[in-house]
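For reference, the structure discussed in these notes is given below.
Rule-based calculations on the coordinates, nothing more; no lab input. Just so we're clear, the structure is a prediction, and the values are computed from it rather than from any experiment. Please note: Cβ atoms are built from the backbone with ideal geometry, for glycine as well, and neighbour counts cover all protein chains shown.
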Amino acid sequence: MKILLPVLVIGLFLLYIFDVAFDDVDNLNQEMITHNLVIFFASFIFLGVLVWYKRKLKLKISIYIILAFIIADDIFDYMRGIDDLFLQIIIQDFFIIIWGAISGFFFVKYLYQKKSVSK
């Protein structure tokens, strides 16, 4: 927990900085929160847990899976008439992918350390 909590707090702080820097992106509406959560948890599970920590999935396959989530979300937004594919969104999505992967790695590492201490 020593590393996981600072990673989450620093990530939220940097996401806030992205929100301030990119004035066009409104992160506090329901669509952007859902978009960010899908990307965060996809990278949390596929990159952080299954690739970096457990080594059960290849990096290339997990990146394709996350890319499929992002493309599906963009297609769904396009079908609803929301055109938000800007450079700012791409930079923010890349940051959320990295943040989710690092958080997933440290979360599983924390769980295994807690499990080994309790035995």
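Residue separation of Leu37 and Ile65 scaled by 0.36 nm, minus their Cα-Cα distance, works out to 8.6 nm of gained length. The number of Lys pairs in the range 31-118 with C-alpha atoms less than 18 Å apart, excluding pairs fewer than 8 positions apart on the same chain, is 4. Among 8-14, 48-54, 76-82, sorting by the average number of other beta carbon atoms lying within 10 angstrom of each residue, highest first, gives 48-54, 8-14, 76-82. Here is what passes the span test in the chain: the DSSP H helices with alpha carbon length of 15 Å or more along the helix axis and a Kyte-Doolittle mean of 1.6 or above are 4-21. The protection proxy used here, the mean number of other Cβ atoms lying within 10 Å of each residue, ranks peptides 91-102, 32-43 as follows, highest first: 91-102, 32-43.
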